[in-house]
Amino acid sequence: MKATSPAVFLLLSLSFTIPQSSGQVIDQPPVLANFPFENTVPLKIVREAVPSKPFSVVGPRGAILGRQDGSFEAWIFPWKILSNLRISAEMQDYPVPIDVNEHAAVIEVRPDHITITFSHANFTLREVLFAPRNPTNGAGVLAFFQVEALRPVTFTFEFTPEMKRMWPALSDDRPSPEWVKTAAGGFYVLHLNFPDHAAAVEMPGAEPGILPPYQERPKIYPLQLVLHFDPARDHNKLFPLLLATADSIEDSDTTALGRNLTEIGRVFQSLYEQTGAYYKKFLSEHLILETPDKQFDDAFAWAEVSIDQLKVQTVTPPQETALVAGFYGSGDSARPGFGWYFGRDALWTLYAVNSYGDFQLSRDQLEFLLRRQSPEGKIMHEWAQTASLVDWKSLPYPYASSDATPLLLMAANDYLQMSGDVAFLKMHWDSLQKAWDFERSHDSDGDGIYENTEGSGWVESWFPQMPHQEIYLAALDQQASTAFSNIAKVTGHLQLAEDTKKRAEHIAQQLEKEYFLPEPDFYAFSRNADGTLDSSPTIFPAVAAWDGTFNLSRSGGMLTRWASQEFSTDWGTRDLSPRVSFYDPISYHQGSVWPLFTGWVSLFEYRNSRSLAGYAHLMQNADLTRVQDLGAVTELLSGEFFRWFGRSTSHQLWSSAMVITPTVRGMFGLEWSAGENKLTVTPRLPAQWDEAKIMGVPVGQSRIAVEARRNGSTLSIRLGGEGSKNIKLQSRAAGAKIENGELRIPLAAVELGIAHGLPEAGAVTSQMKVLNQQESPRSLRLRLSAPANSSQTLFLRVNDPSIHLRTEGAEVSANSNQLRVQFPSGVGYVEQAVSLSW
């Protein structure tokens, strides 16, 4: 994890003398002429800037991580170049210094860039930040500033030079800056003690600020870029901030760095425009939702973008692209959140990536992991961006957890089901079999199930001791066995496929036999080496239904408790019940809320006829898109109050994935078999929606649209798009049939829906919970829970107007589309049964 001390402390820790200008003059490009930089991509979030909240701009070769007051740190991987960039202003005939960051007014977030607008009575300054998708000359991140002013203003951009490599690589002493004069002003070179690494920072047209001579005693000074803006002269100009790094003696020379900056400046506008074009194309080529809930549609699109932004290129040859776990400002450390490669984080996310059809990314990610497979067959847990610069394999991190191995087999099979790409699996058969052999051979107690003896399963700390075999890991082993059986079958290893299928069946039986606890009607957290159980109630059994190939047969009581206020806050699910003695709502593993857990539970609920609870949890994840690092979903939150952790990675990979996967595979109920050209659709759409469409659904090489429309007591499913006529459409819904080229699914005569929305910051849980729903041909029964004496409203949909509706425990509103429930008196949460019959 990382330290998150305020960035301002970085200045207090520095002690260096800035040399005077070298006197060398290098030709540089002039300040950029103004060019249109808005509305490149229509998807956007616009909010009043909140200085305490973070933002992240991430691309393949760099990141800008900051606060919504406009301060930030800049990385060109693996180097942290600078931090705590802040802006001040002095206006002509206005003798008051102005802290520009205190005037941050609006933040606008788009997939391709972020704009922070600073608003003062005399001027408007816009800070535009982006990460090129096809970086030229190492231009990992770039920024530019646009100014409108009534009178001349002098802006001072000051920052702390860093030149730190990302964890865990060692870094040199503090950088020694040099100012190099150019025709356009000049630039700073950040030298290190050895001449093979350096960085350069330039704002064409700017002058240096504080430049104490060598003779001056050592003192802490920030670096400054001083820009004199005259509205009569400069109103049509943009002022770029150019960053470049060098990793050889030749490239670290000031002349070479100057050439690099010149080239970046020359292509600056095209880099910006290419980044916008990339995301416009990306969004058009992947899944697009069209539902009555526009905010939800946008959250889904943001989840796709957020994942794609975390594709990062390796910093040493051969160049590879893979997913990193997430980013957040590093403070005074060299750890920007979890900005490096994790096996299980990526593998949980590949289900979302496969869902939106980026098969190239899935292949890249699987191959990245297989290249780092241990000699014994284990799949890596963690790989730093700077792993090649240290003796990484001697550290405890690379293979610390055991779950990446079964997850890889599951993700590979998921890729197969959706793409039909048998050739890819054949090409990697030896590595896949090695992973399988590793998994099946680590069973020390003879129950036939993979264990934690080869690393942690999910939890990395537990009381009173680490588990011997978590149900989390056992459930993954069961699904990985099914997955590998299918892989073996399609690659021609028929006997192995049969043997592996039997193993999956055995584990399914053992899970029921070893883990189910009749007394609490719940599945245990883990099994000890002596056969005893840790009965702690957790959400980890939810992973058992992830693949859709297996389910726990006695989960009713557990589902009810997960949906209740015991586990469900108004912003997601706790992993551990508060009834357990070591529950701690601000711990990492014993009571906090992770959107990852919320996604697991949501999909389990959708697949076990608890669609109202599944919807509530899915929408909590989707709504988190707009509350912290705009466009991304955070890593974890308090289990007691609606607030994210101070060290929560704000742009977290698998958190965004948990908006996509429960939507596609839960709410829309899509299942694939590309090899058979077959798509199964079993939707559980909210009662409020008359229709919904999901476009760009991948089935092998085809991309199709799935359109659902209510028509009385029937839900009609129609496929569209090129290649859709060859798709075999089916459903698991009772009574579903194909008529006139449509799939028609009978709907209940009556449906109920619930609203969604996150509480105010700092709130405790107080929203209504749907503990249970039971449907029959002529009735719908709900078990609800809400604060005592509260009145709650549900949406009521009558699909068959000819029925005579009878209600118990609730009353129908005058306009007939709402159901009002009055909860009894009491303390805290109380329950109310509601029965509708016809």
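The values are calculated or read from the model by the stated rules, or taken from the named source; none is laboratory data. For clarity, every value in this text was computed on a predicted model and none was experimentally measured. Methodologically, a virtual Cβ is constructed for each residue, glycine included, from the backbone with ideal geometry; neighbour enumeration extends over all protein chains shown. Side chains are part of the model used for accessible areas, which takes the heavy atoms of the whole protein and leaves out ligands, DNA and RNA. Shrake-Rupley method; radii C 1.70, N 1.55, O 1.52, S 1.80 Å.
In region 687-742, which residue that is of a type in the set (Lys, Arg) and within 16 Å of GLY675 (Cα to Cα) is least open to solvent (accessible area, probe 1.4 Å)? Don't jump to the end; show me each part of the working.
The first filter runs over region 687-742 and keeps only residues of a type in the set (Lys, Arg), leaving 693, 703, 709-710, 718, 725, 728, 732, 737.
Okay, now just the ones that are also within 16 Å of GLY675 (Cα to Cα), so 703, 725, 728.
Working: ARG703: 83, LYS725: 195, LYS728: 122 Å².
Applying the filter and picking the extreme gives ARG703.
Table: residues versus (1) of a type in the set (A, V, I, L, M, F, W, C); (2) closer than 28 Å to GLN628 by Cβ.
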{"site": "ILE754", "(1), (2)": "yes, yes"}
{"site": "SER766", "(1), (2)": "no, yes"}
{"site": "LEU782", "(1), (2)": "yes, no"}
{"site": "PRO787", "(1), (2)": "no, yes"}
{"site": "ASN799", "(1), (2)": "no, no"}
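If I ask for residues that are surrounded by fewer than 17 Cβ atoms within 10 Å (Cβ to Cβ) and of a type in the set (S, T, N, Q), which ones from region 470-504 would you list?
The answer is GLN495, and nothing else.
I'd like the residue in region 308-335 that is outside any loop (DSSP other than H, G, I, E, B) and among the charged types (D, E, K, R) and, out of all such residues, is nearest to the chain's Cα centre (by Cα).
The selected residue is ASP308.
Of the conditions (1) of a type in the set (Val, Ile, Thr); (2) under 22 Å from SER611 (Cα atoms); (3) open to solvent by less than 10 Å² (accessible area, probe 1.4 Å), THR682 clears all except one; give me its number.
Of everything listed in (1) of a type in the set (Val, Ile, Thr); (2) under 22 Å from SER611 (Cα atoms); (3) open to solvent by less than 10 Å² (accessible area, probe 1.4 Å), THR682 misses just condition (3).
Looking at ALA749 and the list (1) within 23 Å of HIS617 (Cα to Cα); (2) surrounded by 19 or more Cβ atoms within 10 Å (Cβ to Cβ); (3) not charged (D, E, K, R), which single condition is not satisfied?
Failed condition: (1).
Show the residue pairs that are 6+ apart or on different chains and have beta-carbon atoms under 8 Å apart, the first residue being within region 809-824 and within 16 Å of ARG797 (Cβ to Cβ), the second being open to solvent by less than 50 Å² (accessible area, probe 1.4 Å) and modelled with pLDDT under 95.
Close Cβ pairs (under 8 Å, with a partner that is open to solvent by less than 50 Å² (accessible area, probe 1.4 Å) and modelled with pLDDT under 95) amount to LEU819/SER813; ARG820/SER813.
Of all residues being among the small types (Gly, Ala, Ser) and in contact with a strand residue (DSSP E or B) (Cβ under 9 Å, 6 or more places away or on another chain) in region 534-553, which is surrounded by the most Cβ atoms within 10 Å (Cβ to Cβ)? Just the residue, please.
Here is the first cut: in region 534-553, the residues among the small types (Gly, Ala, Ser) are 535-536, 542, 544-545, 548, 553.
After this cut, where a residue has to be in contact with a strand residue (DSSP E or B) (Cβ under 9 Å, 6 or more places away or on another chain) as well, the list is 535-536, 542, 544, 548, 553.
Values: SER535: 16, SER536: 22, ALA542: 30, ALA544: 26, GLY548: 20, SER553: 10.
The extreme case among them is ALA542.
Do any residues in region 349-367 that are open to solvent by less than 10 Å² (accessible area, probe 1.4 Å) have Cβ atoms under 6 Å from those of residues that are of a type in the set (Phe, Trp, Tyr), where the two are at least six apart or on different chains, and which pairs are they?
The qualifying pairs are THR349/TRP654; ASN354/TYR415; SER362/TYR415.
Would you confirm whether or not region 744-766 contains a residue that is in a helix (DSSP H, G or I), in contact with a strand residue (DSSP E or B) (Cβ under 9 Å, 6 or more places away or on another chain) and modelled with pLDDT of 95 or more?
First, the residues of region 744-766 that are in a helix (DSSP H, G or I): none.
Among the residues of region 744-766, not one is in a helix (DSSP H, G or I), in contact with a strand residue (DSSP E or B) (Cβ under 9 Å, 6 or more places away or on another chain) and modelled with pLDDT of 95 or more, which makes the answer no.
Mind listing whichever residues of region 557-601 are touching a residue at least 60 places away in the same chain (Cβ under 8 Å), over 22 Å from the mean Cα position of the chain (by Cα) and closer than 24 Å to ILE507 by Cβ?
Result: LEU559, single match.
Residues in region 775-782: is at least one closer than 21 Å to ALA613 by Cβ, under 34 Å from the mean Cα position of the chain (by Cα) and either modelled with pLDDT of 95 or more or not β-branched (Val, Ile, Thr) (or both)? First the steps, then the outcome.
Going residue by residue through region 775-782, those that are closer than 21 Å to ALA613 by Cβ are 775-776, 779-782.
Going one step further and asking which of them are under 34 Å from the mean Cα position of the chain (by Cα), we end up with 782.
Next, only the ones that are either modelled with pLDDT of 95 or more or not β-branched (Val, Ile, Thr) (or both) stay: 782.
Yes: one or more hits.
Determine whether GLY639 is part of a loop (DSSP other than H, G, I, E, B), at pLDDT 95 or above, buried (at least 17 other Cβ atoms within 10 Å of the Cβ) and touching a Gly at 6+ places or on another chain (Cβ under 6 Å). Walk me through how you get there before you give the answer.
Details: part of a loop (DSSP other than H, G, I, E, B): yes; at pLDDT 95 or above: yes; buried (at least 17 other Cβ atoms within 10 Å of the Cβ): yes; touching a Gly at 6+ places or on another chain (Cβ under 6 Å): yes.
In short, yes.
Out of GLU512, GLU454, GLU460, report the one residue that is open to solvent by 10 Å² or more (accessible area, probe 1.4 Å) and closer than 17 Å to THR538 by Cβ.
Values: GLU512 fails: closer than 17 Å to THR538 by Cβ; GLU454 fails: closer than 17 Å to THR538 by Cβ.
When all the criteria are applied, what remains is GLU460.
Restricting attention to region 165-185, report how many residues are in a loop (DSSP other than H, G, I, E, B) and at pLDDT 90 or above.
Within region 165-185, the first condition is being in a loop (DSSP other than H, G, I, E, B), and the residues that meet it are 166-175, 183-184.
Of the ones still in play, those that are also at pLDDT 90 or above are 166-171, 175.
Residues that pass the stated criteria total 7.
Take region 242-285 and flag every residue that is assigned to a loop (DSSP other than H, G, I, E, B) and open to solvent by less than 20 Å² (accessible area, probe 1.4 Å).
Scanning region 242-285 gives a single hit, SER252.
Looking at (1) over 24 Å from TYR829 (Cβ atoms); (2) not in a strand (DSSP E or B), which one does PRO698 not meet, given that it meets all the others?
(2)
When ASP403 is evaluated against the numbered criteria (1) open to solvent by 40 Å² or more (accessible area, probe 1.4 Å); (2) closer than 17 Å to GLY457 by Cβ; (3) of a type in the set (D, E, K, R), which criterion, by number, is the only one it fails?
Exception for ASP403: condition (1).
Return the residues of region 394-423 that are among the charged types (D, E, K, R) and under 22 Å from the mean Cα position of the chain (by Cα); say none if nothing qualifies. Break it down stepwise before answering.
Let us first name the residues in region 394-423 that are among the charged types (D, E, K, R), namely 403, 414, 421.
Listed by number, the residues that qualify are ASP403, ASP414.
Within region 107-137, track down each residue that is more than 19 Å from LEU238 (Cα to Cα) and either surrounded by fewer than 20 Cβ atoms within 10 Å (Cβ to Cβ) or aromatic (Phe, Trp, Tyr) (or both). Give the steps one after another, and end with the answer.
Restricting attention to region 107-137, the residues satisfying the condition of being more than 19 Å from LEU238 (Cα to Cα) are 109-111, 121, 133-137.
ALA121, ASN134, THR136, ASN137 - these are the residues of region 107-137 that are more than 19 Å from LEU238 (Cα to Cα) and either surrounded by fewer than 20 Cβ atoms within 10 Å (Cβ to Cβ) or aromatic (Phe, Trp, Tyr) (or both).
Given the criterion in contact with a Lys or Arg (Cβ under 7 Å, 6 or more places away or on another chain) and farther than 21 Å from LEU473 by Cβ, identify the matching residue among PHE424, PHE368.
Working: PHE368 fails: in contact with a Lys or Arg (Cβ under 7 Å, 6 or more places away or on another chain).
Exactly one of PHE424, PHE368 is in contact with a Lys or Arg (Cβ under 7 Å, 6 or more places away or on another chain) and farther than 21 Å from LEU473 by Cβ, namely PHE424.
Let me confirm something: among GLY531, GLY572, GLY556, which residue is in contact with a helix residue (DSSP H, G or I) (Cβ under 9 Å, 6 or more places away or on another chain), open to solvent by 30 Å² or more (accessible area, probe 1.4 Å) and small (Gly, Ala, Ser)? Break it down stepwise before answering.
Values: GLY572 fails: open to solvent by 30 Å² or more (accessible area, probe 1.4 Å); GLY556 fails: in contact with a helix residue (DSSP H, G or I) (Cβ under 9 Å, 6 or more places away or on another chain).
None of the other options fit; the residue is GLY531.
Residues that are out of contact with any Phe, Trp or Tyr (no Cβ under 8 Å at 6 or more places or on another chain): list the strands (runs of 3 or more DSSP E) wholly contained in region 83-162 that include at least 2 such residues. Before the answer, list the steps.
Values: elements: 94-99, 104-109, 114-119, 123-130, 142-149.
Qualifying strands (runs of 3 or more DSSP E): 94-99, 104-109, 114-119.
Please give the number of the condition LEU796 fails out of (1) under 30 Å from THR598 (Cβ atoms); (2) out of contact with any strand residue (DSSP E or B) (no Cβ under 9 Å at 6 or more places or on another chain); (3) hydrophobic (A, V, I, L, M, F, W, C).
(2)
Say we look at region 570-579 and pick out the residues that are in contact with a Leu (Cβ under 8 Å, 6 or more places away or on another chain) and of a type outside the set (A, V, I, L, M, F, W, C); which of these is farthest from ILE539 (Cα to Cα)?
Kept after step one, since they are in contact with a Leu (Cβ under 8 Å, 6 or more places away or on another chain), are these residues of region 570-579: 570-572.
Those still in the list that are of a type outside the set (A, V, I, L, M, F, W, C) too: 570, 572.
On the way: ASP570: 16, GLY572: 12 Å.
The selected residue is ASP570.
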